[in-house]
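Every read-out reported here was derived from the displayed coordinates using simple, explicitly stated rules and does not represent laboratory data. Owing to the predicted nature of the structure, the values given are computational and were not obtained by experimental measurement. Backbone-built Cβ (ideal geometry, glycine too); neighbour counts: all protein chains shown.
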Amino acid sequence: MSGFIELPSNGLELAKIKPTLHPKFSPNLFHFLRKQKAADLYQVYRDQNGVLWIGYPDNEFLIGAKLIHVLCHGAKSQTAAWACISKPIEIIPGFWDQYIENGRCAIDPAHSMYFKDDRWEILSKGRTRRCLWCNHVQYLKIRVKPVTFVDWVNVDKEGEG
């Protein structure tokens with residue numbers, strides 16, 4: 001069987017992550033998966049460097065793409081057989097269940113990434129915000145640090161600054 005690996009289905013029903021259902025779902029991820037013939041095999045993986053990948057394993061390769069590329073370019077993203085990924089890669093268990101529940105927050109649970117769509121509701125005089133996708137709450141913390149500025153100044157003809 002020339003290296004074919006039989007993989008289980010990811011159990012994802014694309015109809016459950018349609019962006020028209022809720023803004024928490026990425027239109028680009030949806031359109032990318034809809035274009036893939038083997039979308040039912042696609043899982044999300046993390047390599048040793050923390051980079052997220054979407055695809056499926058085939059021997060020593062990962063057939064797929066970087067997840068951030070898919071989030072930015074959607075159906076225009078090309079898949080490839082990646083052999084140069086920092087190994088070992090690990091599957092993110094339960095990713096699709098988390099994605100169905102929390103949308104793009106499953107990709108960014110720290111809420112540190114910027115997404116094009118409106119993600120936040122501002123609360124309590126602008127000092128607190130709530131994620132509209134998963135209800136995560138953050139508060140505004142202002143830190144003041146002393147800063148020293150150093151400038152280079154040209155010397156005039158008399159040798160003075």
Problem set entry | Loop-located trypsin sites (Lys or Arg not before Pro) in the stretch 12-74 whose Cβ has at most 13 other Cβ within 10 Å (DSSP) | Lys37
Seminar exercise, completed: Amide H proximity to Trp120 below 5 Å, modelled H, separation 5+ or other chain, gives Leu132
Problem set entry | Loop sites in the stretch 112-161: chymotrypsin sites (Phe, Trp or Tyr not before Pro), DSSP, at most 12 other Cβ within 10 Å | Tyr114, Phe149, Trp152
For this session: Counting other beta carbons within 10 Å of each Cβ, put Thr79, Thr128, Thr148, Thr20 in order, fewest first.
Result: Thr148, Thr20, Thr128, Thr79
Exercise. Cα gyration tensor of the stretch 56-161, axes a ≥ b ≥ c as square roots of the eigenvalues: rounded (a/c below 1.5), prolate (a/b > b/c) or oblate?
Worked result: oblate
Exercise. With labels modelled as points extended 7 Å from the Cα through the Cβ direction, what inter-label distance (nm, one decimal) is found for Glu121 paired with His73?
Worked result: 3.6
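Expressed in nm to one decimal, what extension gain is obtained for the pair Val147 and Asn135 from 0.36 nm per residue of sequence separation less their Cα-Cα distance?
Once the chain is fully extended between Val147 and Asn135, it gains 0.7 nm.
What stretch of the chain, leaving out the sites themselves, is the longest with no GluC sites (Glu not before Pro) in a DSSP loop having at most 12 other Cβ atoms within 10 Å? The partial results should precede the final answer.
Numbers: sites that count: Glu6, Glu13, Glu60, Glu158, Glu160.
Longest run free of exposed loop sites: 61-157.
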Exercise. Given a Förster distance of 35 angstrom, what is the FRET efficiency for Glu101 paired with Ala80, based on the Cβ-Cβ distance and rounded to 0.05?
Worked result: 0.70
